[in-house]
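The values are calculated or read from the model by the stated rules, or taken from the named source; none is laboratory data. Just so it is clear, the structure is predicted and the values come from calculations on it, not from any experiment. All Cβ positions, even for glycine, are placed from backbone atoms using ideal geometry, and neighbour counts span all protein chains on display.
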Amino acid sequence: MSFRPDHEIYRRRLGRNVGLGLTLVAFAAVIFGLTVVKVTESGPIQGYDHVVQPGLVPQEGTQ
Amino acid sequence: MSDIQALEQTIARPGEAGFGDYVALLKPRVMSLVVFTALVGLLAAPVPVHPVVALASILFIALGAGASGALNMWWDADIDALMRRTARRPVPAGTVAGGEALGLGLALSGIAVVMLGLASNLLAAGLLAFTIFFYAVVYSMWLKRLTPQNIVIGGAAGAFPPVIGWAVATGGVSIESALMFALIFMWTPPHFWALALFMKDDYSRAGVPMLTVTHGRKATRAHVLVYTILLVPVAVGAAFTPIGGPAYLAISALLNAGFLYGAWRIWQRDEAAAEADGYRVEKQVFRFSLYYLFLHFGAFLLEAALRGFGMGGW
């Protein structure tokens, strides 16, 4: 007993879904790459992060 | 009939779009020219751009161009169906619904502009938004069906990509990017009028007031020659700016001599001669004009590469 072959419409829809999936993956990769570049190009980022960091405390006499 | 078969017959529209149909909506051939000229604008600029930012920016410029193509196909579906050259486009062929093309065009326009703004700068994003607006609204909706100058003014939309590429790198607009704009802007009319000459009655059947329809073929031939003559100083003049140089000048001189000769041959011919050889000269000039633009921008790229080795420019 053999299975009836799929209707052509399923192949077309599979192609459309795979194409859209790959497009979204590529889009996510571009966003990721841009984020990495933007963050690394903007220099070191420091914050207090709940602990006082002496390097971030303004020195007396400076504004 | 089984339930599955009945379901298939209900849901399987013969014209249902595949992924390729949506890609075709974005006019990939036009997009390739946009990618190339925008890339040249970006690389010819004196400010280096991080490769990832450059790649992303070019991608979003191309996406914006594709979006305007989808909007154009949505708006022009009625006349596209009447012309042999465009009848097989997804909307007139019935594979993609007009509303889908509109939705895709609007969505991709928004994504492209916002993402270009985030990837590079607001000026580049603003220029891309204006380019999409100019092509979809000013050219497609307004000028195309109104005036034989449609190609002349509408050509501005195709001329913006190198300006956007330049803006991505420098954050501004300058005489060099304006010259790249002028080169494409002046090249567009003779390029499309050569096409209109051998597309015969496509435009008249669709009621598009191309110059061949409103002023006749003889006048169109004269216009091809005059606009080519006007193009030459723009193209050659760019050699004497910071993005030009001796290599560009040599290439441009040869290409302009060839284009002028072709335009002169078109002007010399009458319809009987053109009909007799199947518009051979017009087709040759049309093909040559594609190489003309590609090689001019290739020459800008060559000069930029030579400058990288300390050799380009004057």
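Every residue, every condition in (1) crowded, with 19+ Cβ neighbours inside 10 Å; (2) closer than 16 Å to B:LYS283 by Cα; (3) of a type in the set (Ser, Thr, Tyr), yes or no:
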position	(1), (2), (3)
B:TRP193	yes, yes, no
B:VAL208	yes, no, no
B:GLY216	no, no, no
B:ARG221	yes, yes, no
B:LEU231	yes, no, no
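Anything in the range A:1-26 that is among the aliphatic types (A, V, I, L, M), outside any helix (DSSP H, G or I) and at the interface with chain B (Cβ under 9 Å from one of its Cβ atoms)? List them, or say none. Residues satisfying the conditions do not exist here. In the set B:ALA112, B:ALA119, B:ALA124, only one residue is farther than 20 Å from B:ALA45 by Cα and either among the basic types (Lys, Arg) or touching a residue at least 12 places away in the same chain (Cβ under 8 Å) (or both); that residue is B:ALA112.
Number of residues in the range B:24-61 that are more than 11 Å from chain A (Cβ to nearest Cβ) and surrounded by fewer than 23 Cβ atoms within 10 Å (Cβ to Cβ): the value is 16.
Every condition in (1) among the charged types (D, E, K, R); (2) within 14 Å of another protein chain (Cβ to nearest Cβ); (3) surrounded by fewer than 16 Cβ atoms within 10 Å (Cβ to Cβ) is met by B:ASP21 except one, and the failing one is (3). Does B:PHE134 fit the bill of being assigned by TED's automatic domain parsing to the domain that holds B:PRO209 and part of a helix (DSSP H, G or I)? No.
Within the range A:27-60, the set of residues being of a type outside the set (Asp, Glu) and within 9 Å of chain B (Cβ to nearest Cβ) comprises A:PHE27, A:VAL30, A:ILE31, A:GLY33, A:LEU34, A:VAL36, A:VAL37, A:LYS38. Counting just the residues of the range B:62-100 that are hydroxyl-bearing (Ser, Thr, Tyr) and more than 14 Å from chain A (Cβ to nearest Cβ), which one comes out nearest to the chain's Cα centre (by Cα)? Within the range B:62-100, the match that is nearest to the chain's Cα centre (by Cα) is B:SER68.
Residues that are free of Cβ contacts under 8 Å to residues at least 40 places away in the same chain, surrounded by 16 or more Cβ atoms within 10 Å (Cβ to Cβ) and within 18 Å of B:LEU63 (Cβ to Cβ) within the range B:82-104 comprise just one, B:LEU102. When the range B:219-261 is filtered for residues that are in contact (Cβ under 8 Å) with a residue 24 or more places away in the chain and hydroxyl-bearing (Ser, Thr, Tyr), the ones remaining, listed by number, are B:THR220, B:TYR227, B:THR228, B:THR241, B:TYR248, B:SER252.
Restricting B:PHE286, B:PHE259, B:PHE294 to residues that are out of contact with any Ser or Thr (no Cβ under 7 Å at 6 or more places or on another chain) and crowded, with 20+ Cβ neighbours inside 10 Å narrows the list to B:PHE286.
Among the conditions (1) in a helix (DSSP H, G or I); (2) in contact (Cβ under 8 Å) with a residue 40 or more places away in the chain; (3) more than 17 Å from B:THR228 (Cβ to Cβ); (4) small (Gly, Ala, Ser), B:ALA272 misses just one, which is (2).
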